[in-house]
Amino acid sequence: DAGITQSPRHKVTETGTPVTLRCHQTENHRYMYWYRQDPGHGLRLIHYSYGVKDTDKGEVSDGYSVSRSKTEDFLLTLESATSSQTSVYFCAIREGLSYNEQFFGPGTRLTVL
Amino acid sequence: AQRVTQPEKLLSVFKGAPVELKCNYSYSGSPELFWYVQYSRQRLQLLLRHISRESIKGFTADLNKGETSFHLKKPFAQEEDSAMYYCALRAGNQFYFGTGTSLTVIP
């Protein structure tokens, strides 16, 4: 499993509430990513990080923010959750030196009512 | 703009038949392409990447820059190949995924 965990694994919340998802790695990889997976859309990049405190937006970043204060943790926050953010969220890591493939976490299923 | 297209949302083949999952891309730079597989209730995992040119679980994929394609092929499908397959393109630090193809291998 490449040392990647996500928490929580499942969450149900109400519209307008803040939600934070956590991705944790034990591999000390530089790059970390947050994706959402939706039927008909595949995986879409939300935000990514290329080091501690270094982050950048992906193609669907509106409504999401991220933080990375330690190499091993990458947090995704929905400041005010909406029903359109109901999705499965995947975290991924990448070494970025010799290898460019990504290793994925188990996913978090988020339902916003 | 970067784009990955997987034209088939669903694909069914019989066990033992050849299978081809299509992937086309658009990218102005030199592409780095991957195939990922997601088995039922499991996380995505790398199936293969074009730069290593290796065969994993009998699957191969050749990068065709002229046709901007990276189709995934296997000569004899097995039931355990039933899964969702995603083609992905690396553009700098970002990755672009296709919408995925759900493959069902019929016994």
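Go ahead and set up a Gaussian network model of chain A, Cα springs under 10 Å, then flag whichever of A:THR71, A:THR55, A:THR26 fluctuates most.
Between A:THR71, A:THR55, A:THR26, it is A:THR26 that shows the largest mean-square fluctuation.
Please tell me the relative contact order of the range B:1-92 in percent, rounded to the nearest whole number, where contacts are Cα pairs under 8 Å and at least six residues apart.
RCO, the range B:1-92: 38 percent.
What Kirkwood Rh does chain A have if only Cα atoms enter the pairwise 1/r average? Answer in Å.
In chain A this quantity evaluates to 13.9 Å.
What Kirkwood radius, in Å to one decimal, follows from the Cα pairs of the protein assembly as shown?
17.9 Å
How large is the charge dipole for the protein assembly as shown, taken about the Cα centre, if only the Cβ atoms of Lys, Arg (+1) and Asp, Glu (-1) carry charge, to the nearest 20 debye?
Around 80 debye, computed over the protein assembly as shown.
Between the range A:94-113 and the range A:1-75, how far is it from one alpha carbon centroid to the other, in angstrom?
8 Å
What translational D, rounded to a whole number of µm²/s, comes out for chain B from Stokes-Einstein when the hydrodynamic radius is the Kirkwood one over Cα pairs, at 25 °C and 0.890 mPa s?
The estimated diffusion coefficient comes to 177 µm²/s.
Looking only at B:GLY92, B:GLY16, B:GLY66, which one moves most when chain B is put into a Gaussian network model with springs between Cα atoms under 10 Å?
Per the Cα network of chain B with a 10 Å cutoff, B:GLY66 tops the list.
A short reminder: the numbers here are calculations on the coordinates, not readings from a lab. This is a predicted model, so every value here is computed, not measured. As a convention, Cβ positions derive from the backbone with ideal geometry for all residues, glycine included, and neighbour counts pool all protein chains shown.
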